[in-house]
Amino acid sequence: MTTQPQLTEAQKSAIEEMVINRVNAMNSDAVLCEAIDNKVHSMEEHLKAYFHERFHFHSNKA
């Protein structure tokens with residue numbers, strides 16, 4: 001089992017902003033959602049995992 005690298009505060013902050021934008025745009029802007037999804041798709045696995053964790057958290061609050 002490999003350990004995931006620790007995320008920097010800058011990475012966490014950038015992902016948090018993307019998550020909030022993605023949650024806010026889910027029902028209103030397909031182009032923005034697709035752009036965010038494409039950016040997430042190109043991320044390293046540990047960044048994707050953090051994005052999905054935060055997305056789940058915020059989408060349950062929305």
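Worth pointing out:
- Filtering region 1-31 to residues that are of a type in the set (S, T, N, Q), open to solvent by less than 80 Å² (accessible area, probe 1.4 Å) and either in contact with a strand residue (DSSP E or B) (Cβ under 6 Å, 6 or more places away or on another chain) or at pLDDT 90 or above (or both) leaves Thr8, Gln11, Ser13.
Each row is one residue, and each column tells you yes or no for (1) part of a helix (DSSP H, G or I); (2) of a type in the set (Gly, Ala, Ser).
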{"residue": "Val23", "(1), (2)": "yes, no"}
{"residue": "Leu32", "(1), (2)": "yes, no"}
{"residue": "Asn38", "(1), (2)": "yes, no"}
{"residue": "Met43", "(1), (2)": "no, no"}
{"residue": "Glu53", "(1), (2)": "yes, no"}
{"residue": "Ser59", "(1), (2)": "yes, yes"}
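The values are calculated or read from the model by the stated rules, or taken from the named source; none is laboratory data. Note that the structure is a prediction, hence the values are computed from the model and not measured. Note: ideal-geometry Cβ built from the backbone for every residue, glycine included; neighbour counts use all protein chains shown. Only protein heavy atoms, including side chains, enter the accessible area calculation; ligands, DNA and RNA are left aside. Shrake-Rupley method; radii C 1.70, N 1.55, O 1.52, S 1.80 Å.
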